[in-house]
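Heads up: the structure comes next, in structure tokens.
The values are calculated or read from the model by the stated rules, or taken from the named source; none is laboratory data. This is a predicted model, so every value here is computed, not measured. When we count neighbours, we look across all protein chains shown, and the Cβ atoms used for this are built from the backbone with ideal geometry, even at glycine. All accessible areas refer to the heavy atoms of the entire protein, side chains included, with ligands and DNA or RNA removed. Shrake-Rupley method; radii C 1.70, N 1.55, O 1.52, S 1.80 Å.
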Amino acid sequence: MSMRVLPVGDRALLVEVASGDEAQALHAELLRRRAEGSLTVGEIVPAARTVLLDGLADPARLASELTATELPPAPPRAREVIDLPVRYDGPDLADVAAHWGVPEQEVARIHAATEFRVAFCGFAPGFGYLTGLPERYDVPRRATPRTAVPDGAVALAGRYTGVYPRSSPGGWQLIGTTDAVLWDHARVPAALLSPGTRVRFVPVGHS
Amino acid sequence: MTDRALVVVRAGALTTVQDRGRPGHAHLGVPRSGALDGPAAALVNRLVGNPPETAVLETTLNGCAVRPRSTVTMAVGGAPCPVTVDGRPVAWGTPVRVPAGSVLDVGSAVSGVRSYLAVTGGVAVEPVLGSRSTDLLSGLGPPPLTDGTVLPLGHPVGPHARVDVAPHPAPPAELVLHVTLGPRDDWFTREAIRTFTSRPYRVSAASNRIGLRTEGPALERALPGELPSEGMVLGAVQVPPDGRPVIFLADHPTTGGYPVIAVVRTLDLPPTAQAAPGTPVRFIPVRRR
């Protein structure tokens, strides 16, 4: 795995890799090092092609250590799979079917047959960017974002699937609805999904 | 019902509960939040005998007024402003005894933006992920105060400080921000880097707890297209499509897709909380330590 280590201010490093899969592998390795005590860091924030390490005492030393490191090629498999019950009843199903070039009912079948993984979180507490669909199923954001997407909306944008943890404005294509509670700060853990979690969508009721 | 409570008489333009925030959850999309002017919040806490991490009130431009249900000690700091108890002037920046039922009024900022009000025992709303801070981006923590809000207070832990005047930095007449370039300075033209580090900017009125927006010369990109979302740090200087730098403050999003041209030195961030719209801003490049 080839890595580019970019300094970010005086206390952070941004480690850039070539793909989303490599970012997930790097993230898994950094979590392992933190757990075993060989890495002391405030935040480990994975994203599309990078992992941010924030709150470092000596970023320069870690940067030279990391560039000398060979990372394992694939992440260890997360232990559990979270099943999210879903009704494929979103208002953008027809548009997504048109982008994919399939009949409308095929969208639900293809989506529910895919195993996803949370690549990273962001946008709102508990919002995961889920990867797993092949590249040919990428869809654009809606030209005009909705002012209010309901909580529990299952949505697509680019190569990602996401579930809105609470009602918010949004430009993603809505394909379904789940009753799962993505974020509850009175619960431990508050977030149902965190980076690395495996996710399946399980159709319930009519699709 | 306990009488260890504070009734909000006048909420002001935007008054929120703030402590040191909730760092450590960025990977779940949770902003750090916390008092924008951390040293001011710690100082007013010290004045009333609270540990520095105790929750205080952070006001915006026109202060707020509160009525304690029991006699408490309060202190106002941060942006200088007139302070009154039942209409009579009292000192700013020192501990003030406020009798039960009296109204302490934090007036409009004379200079700066955000005043901080500490109360003995602290504001004791229910913490969320270990913090009582209001997070305006994600909505975690208590909502901004409204008139009539009742805030529970914690129990005093120590005696208040015995000082007449606490030393307090003045709000900046000019915001001088030392920055280290990167991680995405290579997304900008050489000319843009020169402009960024030599031309004056001004604080925009569109600034808030999420980011300090600036007005000034637009920075031109060398690379077109979109940057895949990546993790963001406090003090990141992000450049959106309009080319005007935005400095990420406490409620900043945890990931973002606009390139970060530079990062502001941590020491220089508290003054950003007190830079009123129109304040000149200069970015001074420094070598990484």
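Per-residue mean of foreign Cβ neighbours for A:1-13 is 5 (Cβ atoms of other chains, 10 Å radius).
Of the trypsin sites (Lys or Arg not before Pro) in segment B:153-207, the ones in a loop by DSSP (not H, G, I, E or B) with at most 12 other beta carbons within 10 Å are B:R162.
With the largest listed first and rounded to whole Å, the semi-axes of the equivalent ellipsoid of segment B:101-142 from the Cα gyration tensor are 24, 17, 8. Scaled against 2.2 N^0.38 Å for its residue count N, the alpha carbon radius of gyration of the protein assembly as shown is 1.04. Once you order the gyration tensor axes a ≥ b ≥ c over the Cα atoms, which shape class does chain B get: rounded for a/c under 1.5, otherwise prolate or oblate by comparing a/b with b/c? Prolate, because a/c is 1.5 or more and a/b exceeds b/c. Per the accessible-area calculation with a 1.4 Å probe, the total area buried between chain B and chain A rounds to 2600 Å². Size of segment B:142-289 from its Cα atoms: along the principal axes, largest to smallest, the extents are 57, 31, 31 Å. Only Cα sites of segment A:1-40 enter the Debye sum here, all with the same form factor; the resulting log10 I(q)/I(0) across q = 0.28, 0.32 1/Å is -1.01, -1.03, listed in q order.
Quote the convex hull volume per residue of segment B:104-198, based on C-alpha atoms, as a whole number of Å³.
Details: hull volume 21.5 nm³, N = 95.
Each residue corresponds to 226 Å³ of Cα convex hull volume.
Here segment B:51-68 is scanned for amide nitrogen atoms under 18 Å from the site 7 Å beyond the Cα of B:R88 along Cα-to-Cβ, giving B:66-68. Using Cα atoms only, what is the angle between the long axis of helix B:38-47 and the major principal axis of chain B, expressed in degrees (0 to 90) to the nearest 10? It works out to around 20 degrees. Using the alpha-carbon positions of segment B:172-247, Rg (one decimal) and Dmax (whole number) come out as 12.3, 37 Å. Think of segment A:13-151 as a dipole: +1 on every Lys or Arg Cβ, -1 on every Asp or Glu Cβ, centred on the Cα centre; then among A:P85, A:P59, A:A119, A:P85 lies furthest on the positive end. If I model segment B:1-155 as equal point scatterers sitting on the Cα atoms and use the Debye formula, what is log10 I(q)/I(0) at q = 0.17 Å⁻¹? Computed log10 I(q)/I(0) values: -0.88.
For A:I82 and A:V181, the difference between the fully extended length at 0.36 nm per residue and the C-alpha to C-alpha distance is 34.4 nm. Both radii are taken from the alpha-carbon atoms of segment A:87-207; with Rh as the Kirkwood radius, Rg/Rh is 0.94.
Rounded to the nearest angstrom and listed largest first, the equivalent-ellipsoid semi-axes of segment A:1-98 from its Cα gyration tensor are 33, 16, 14.
Peptides B:258-268, A:185-195, ordered by how many other C-beta atoms sit within 10 Å of their residues on average, highest first, read B:258-268, A:185-195. Each listed q (0.29 Å⁻¹) maps to a log10 I(q)/I(0) for segment B:217-278, found by the Debye formula over equal Cα scatterers with no solvent: -1.34.
Size of chain A: Rg and Dmax of its alpha carbons, in Å, are 18.3, 56. The fraction of Cα-Cα pairs per 10 angstrom bin, counted from 0 for segment B:155-211, comes to 14, 29, 25, 16, 11, 5 percent, rounded to whole percents.
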